[in-house]
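The values are calculated or read from the model by the stated rules, or taken from the named source; none is laboratory data. What you see is a predicted model, and the numbers here were worked out from it, not measured in a lab. Note that each Cβ is placed from the backbone with ideal geometry, even for glycine, and that neighbours are counted across all protein chains shown.
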Amino acid sequence: MKFHTQLKAKDIFKFSLAYTYSGVQAILTIFMLGVGAYMIVHGIGQPEGQTNIIFGAVVIALFVVINPLMIYVKAKKQAIENPVYKNPTYYTLRDDGIFVELGEESATIEWNRVYKITHFMGLTLLYTGKQQAFVFPDYELGDDREKMLDYMKEHIKEARKKAVQTQTDGGDISKYSKASTETEREETEVSESEVQENSEGEE
């Protein structure tokens with residue numbers, strides 16, 4: 001299966017939102033919105049509550065309006081200036097991983113390097129690190145989106161099983177080490193037998 005993507009400013013903006021408002025940042029945002037709402041409610045009806053209302057409104061506006069607006073401006077600038085977004089990126093789903101082609105460069109991303117796949121605001125995000133992800137907009141995947149997602153999830157799951165099995169078995173190195181240990185044990189037993197035979201012969 002093969003498809004291509006060419007991210008637009010709105011796609012970069014959505015991914016930036018997903019990254020910005022996740023993890024600890026998401027908890028902080030919810031907390032600050034709660035603080036802002038509390039200050040507004042607490043300030044209503046109070047003789048000198050106007051300051052609290054204004055401060056609470058500023059806090060909410062900062063996280064709901066100003067910060068997203070700044071993220072969008074940055075995303076739009078990246079879409080215009082970053083050469084990565086000026087040309088389409090081609091992806092081929094294969095058994096050994098995702099073959100990526102961008103211009104004259106190409107590479108294969110093995111399935112065991114993908115640790116998370118999520119869907120956010122019309123984007124399929126294939127994470128290979130906490131800050132690195134391949135972004136696949138739904139409109140680029142088209143009607144084969146579900147088929148491609150099932151294919152990716154199946155191979156990611158299979159790669160994880162193989163990784164766990166390798167760790168359980170101890171990997172190839174452990175197997176060689178085990179075989180080497182058994183060989184040394186056999187050689188030791190042979191040497192001990194020879195010593196005993198030589199001792200009996202001398203007697």
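Hey, does the range 51-68 have a residue that's polar (S, T, N, Q), without any contact (Cβ under 8 Å) to a residue 12 or more places away in the chain and either outside any helix (DSSP H, G or I) or within 30 Å of F136 (Cα to Cα) (or both)?
The answer is no, given that none of the residues of the range 51-68 is polar (S, T, N, Q), without any contact (Cβ under 8 Å) to a residue 12 or more places away in the chain and either outside any helix (DSSP H, G or I) or within 30 Å of F136 (Cα to Cα) (or both).
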Kindly establish whether A9 is among the small types (G, A, S), within 30 Å of R113 (Cα to Cα) and either more than 21 Å from the chain's Cα centre (by Cα) or modelled with pLDDT of 90 or more (or both). yes
Looking only at the range 77-121, filter to residues that are more than 25 Å from A163 (Cα to Cα) and among the aromatic types (F, W, Y); which one of those is modelled with the highest pLDDT? Y90
Tabulated pairs, the range 29-42, first surrounded by 13 or more Cβ atoms within 10 Å (Cβ to Cβ), second among the hydroxyl-bearing types (S, T, Y), C-beta under 6 angstrom, 6+ apart or interchain: T29/Y21
Given the residues T183, T166, which is the only one that is among the hydroxyl-bearing types (S, T, Y), at pLDDT below 80, exposed (fewer than 13 other Cβ atoms within 10 Å of the Cβ) and part of a helix (DSSP H, G or I)? T183
